[in-house]
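This report concerns only the one structure given below.
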Amino acid sequence: MLATTLRRTTAAAARLNTTRCFASAPVDFDHFSSGWEKDSSEYQTEGKFHIETFNKISPLGLARFPSKNYEVKEDWENNNAHAILLRSHKLQESEVDVSVRAIARCGAGTNNVPVARMSELGIPVFNTPGANANAVKELVICGLFLGSRRLIAGINHMTQLGEQGLQKERVEKDKSMFGGREIAGKTLAIIGMGHIGAATAREASALGMKTVGYDPALSIESALKLPREISIADSISSAVAEADYISLNIPYIKGEGGTHGIIGKDVLSHMKNDAVVLNFARGELVDSDAMKEYLDAGDGRYISDFPDDLLWNHKNAILLPHLGASTEEAEETAAAMAADTIQAYLEHGTIQNSVNFPAAALPERKEGSIRVTVATQNVPGMLAYISDVFAKHGINILQQINTSRGDLAYNVIDVELGADTIDLKDLQKELTMHDGVLSSRILFGVAGAGYARNIEGSYFV
Ligand SMILES: NC(=O)c1ccc[n+]([C@@H]2O[C@H](COP(=O)([O-])OP(=O)(O)OC[C@H]3O[C@@H](n4cnc5c(N)ncnc54)[C@H](O)[C@@H]3O)[C@@H](O)[C@H]2O)c1
């Protein structure tokens, strides 16, 4: 290996008069600032990725960023954040610095992020699916007991007796009002066997329940988590037919073919008249009028984590104030997952758990190679163009992937350096300033360097 002198033109770079042992050939790398026309020595924290946080993010999650090459703070006064981490803050496009490469939401929903606009700008948006699954699963299990043992009515009764000083006198006599049933040996139908549904099935099975599941788009990852004994139904109606308990764990999707009111008259007519419906997914999945009819007619129960204007005071309904994911651990897990996802993207170009970019992961790059990532519109000719640019610069491609999703395509390319000096600055400009290319990154040198954007024909580095 030869020593490589990195020549930099920015003031900040001048301070980094670094000699590096890197590749088999000299690399003329002049791409430090990664910010639009900023050349202040204060502009960049040397060799660190800048993480901007909105909301209070769990310290456990933030601790995932090693301080050696990450700096995390709320406000980057020079508008030079490299990635954003947020929870519920409603992010505006104006808050996304031109230097931002990625956004991660600690949680599942991303409707507080302008995802469509970020896609147009070539910025991946990540979320943390499943991070709160354990918290929700535990509450579903709690729901099984709430629906079986008249616990809430019993607790309320004890409070009233206590207020009258009658607890000891009345408790043995009154307890017969609050009898219940055991869950062992009963059947639980699980509608939707994703992160929460699969975990619930496993737990219920361990508690001695029979399980039946329905999920027409079951993922391999979830299938591997299911208990071996689970039987698979081919419709919601057949799943619920023999069930004593039904757990809804599907997303709420509006519109035709969606899941609005999916638990309505038809599905309810297939249920046993004393079944317990556990809704820890979304209130809108259940048709309240049909559920009221069902509860009025038999001895069924409805346990839900959501408000309901019609059922809130029904004697056979228990409504909780959306507590499913409200645990410290769920927040910590989400923050840690978001931090890991951002790191994998910043350091390796890996895309996992993105809501707008295609998944992408190349094996670790060979020592002495450089990784380049290019986000483009999903239009013909992009891949050929990228390959041509490398060929023109005499650079050999060692491995590459090209994946696409909707209007976006994403390329990860590992290149080998030849004998001649290459000018990555020119190469990056050429790669980026082509119609249809949105952004490019050269994963090389100090953290935070090598990012360029093509914003409607203007070059931002
Ligand atoms: N109560 C809470 O606080 C809370 C917290 C987190 C999630 N949730 C809700 O729980 C839902 C499930 O969460 P998850 O993390 O398990 O999601 P997930 O995406 O991992 O799993 C959802 C599963 O439902 C399946 N599915 C979709 N439509 C279906 C249908 N019509 N019939 C049967 N299966 C269907 C999918 O194939 C997928 O496997 C979320 O969509 C959300 O609405 C609630």
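Per the listing G448, G457, G436, the residue uniquely surrounded by fewer than 17 Cβ atoms within 10 Å (Cβ to Cβ) and in contact (Cβ under 8 Å) with a residue 60 or more places away in the chain is G436. Among the conditions (1) surrounded by fewer than 19 Cβ atoms within 10 Å (Cβ to Cβ); (2) modelled with pLDDT of 90 or more; (3) not aliphatic (A, V, I, L, M), the only one that R441 does not satisfy is (1). Residues that are surrounded by fewer than 13 Cβ atoms within 10 Å (Cβ to Cβ), not in a loop (DSSP other than H, G, I, E, B) and not basic (K, R) are absent from region 362-376 altogether. Exactly one residue out of I422, I386 is modelled with pLDDT of 85 or more and either surrounded by 14 or more Cβ atoms within 10 Å (Cβ to Cβ) or closer than 30 Å to N111 by Cα (or both), and it is I386. Elements of the type helices (runs of 4 or more DSSP H) sitting completely within region 114-221 and holding at least 2 residues that are within 16 Å of the ligand (Cβ to nearest atom) and outside the structural domain of T376 (by TED's automatic domain parsing): these cover 133-149, 195-206. Within the set S288, S237, the sole residue that is in contact (Cβ under 8 Å) with a residue 24 or more places away in the chain, small (G, A, S) and either away from the ligand (no atom under 11 Å from the Cβ) or touching a strand residue (DSSP E or B) at 6+ places or on another chain (Cβ under 6 Å) (or both) turns out to be S237. Residues that are touching a His at 6+ places or on another chain (Cβ under 7 Å), farther than 20 Å from S369 by Cβ, part of a loop (DSSP other than H, G, I, E, B) and of a type outside the set (D, E, K, R) are absent from region 397-409 altogether. For region 61-75, the tally of residues that are within 19 Å of R87 (Cα to Cα), more than 19 Å from the chain's Cα centre (by Cα) and among the basic types (K, R) stands at 1.
For every residue, the table says whether it meets (1) under 15 Å from N134 (Cα atoms); (2) not polar (S, T, N, Q).
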{"position": "G197", "(1), (2)": "yes, yes"}
{"position": "M209", "(1), (2)": "no, yes"}
{"position": "D215", "(1), (2)": "no, yes"}
{"position": "S222", "(1), (2)": "yes, no"}
{"position": "I230", "(1), (2)": "no, yes"}
{"position": "A243", "(1), (2)": "no, yes"}
{"position": "Y252", "(1), (2)": "no, yes"}
{"position": "I263", "(1), (2)": "no, yes"}
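Within region 337-361, the set of residues being outside any strand (DSSP E or B), in contact with a helix residue (DSSP H, G or I) (Cβ under 9 Å, 6 or more places away or on another chain), of a type in the set (A, V, I, L, M) and surrounded by 18 or more Cβ atoms within 10 Å (Cβ to Cβ) comprises M337, A338, A339, V355. Looking only at residues of region 262-285 that are in contact with a strand residue (DSSP E or B) (Cβ under 9 Å, 6 or more places away or on another chain) and either among the aromatic types (F, W, Y) or in a loop (DSSP other than H, G, I, E, B) (or both), we find that the one that is farthest from the ligand (Cβ to nearest atom) is D274. For region 240-256, filtering for residues that are more than 9 Å from the ligand (Cβ to nearest atom) and of a type outside the set (V, I, T) leaves 9. Taking the criterion of being more than 13 Å from G197 (Cβ to Cβ), in contact with a helix residue (DSSP H, G or I) (Cβ under 9 Å, 6 or more places away or on another chain) and without any contact (Cβ under 8 Å) to a residue 12 or more places away in the chain, the residues of region 211-234 that qualify are L224, R228. Checked against (1) part of a loop (DSSP other than H, G, I, E, B); (2) in the same structural domain as S247 (by TED's automatic domain parsing); (3) farther than 27 Å from A133 by Cα, K292 meets all criteria but (1). A count restricted to region 98-119 and to residues that are without any contact (Cβ under 8 Å) to a residue 40 or more places away in the chain and of a type outside the set (A, V, I, L, M, F, W, C) stands at 5. The set of residues in region 333-349 that are of a type in the set (D, E, K, R) and modelled with pLDDT of 95 or more contains only D340. Within region 283-320, restricting attention to residues that are over 32 Å from the mean Cα position of the chain (by Cα) and of a type in the set (G, A, S), the residue that is surrounded by the fewest Cβ atoms within 10 Å (Cβ to Cβ) is A297.
Determine which member of the set T333, T259 is out of contact with any strand residue (DSSP E or B) (no Cβ under 7 Å at 6 or more places or on another chain), part of a helix (DSSP H, G or I), hydroxyl-bearing (S, T, Y) and within 16 Å of the ligand (Cβ to nearest atom).
T333 is the lone residue from the list that is out of contact with any strand residue (DSSP E or B) (no Cβ under 7 Å at 6 or more places or on another chain), part of a helix (DSSP H, G or I), hydroxyl-bearing (S, T, Y) and within 16 Å of the ligand (Cβ to nearest atom).
The values are calculated or read from the model by the stated rules, or taken from the named source; none is laboratory data. Note that the coordinates shown come from a computational prediction; the quantities given were computed from them, not determined experimentally. Cβ sites come from the backbone with ideal geometry, for glycine too, and all protein chains shown count toward neighbours.
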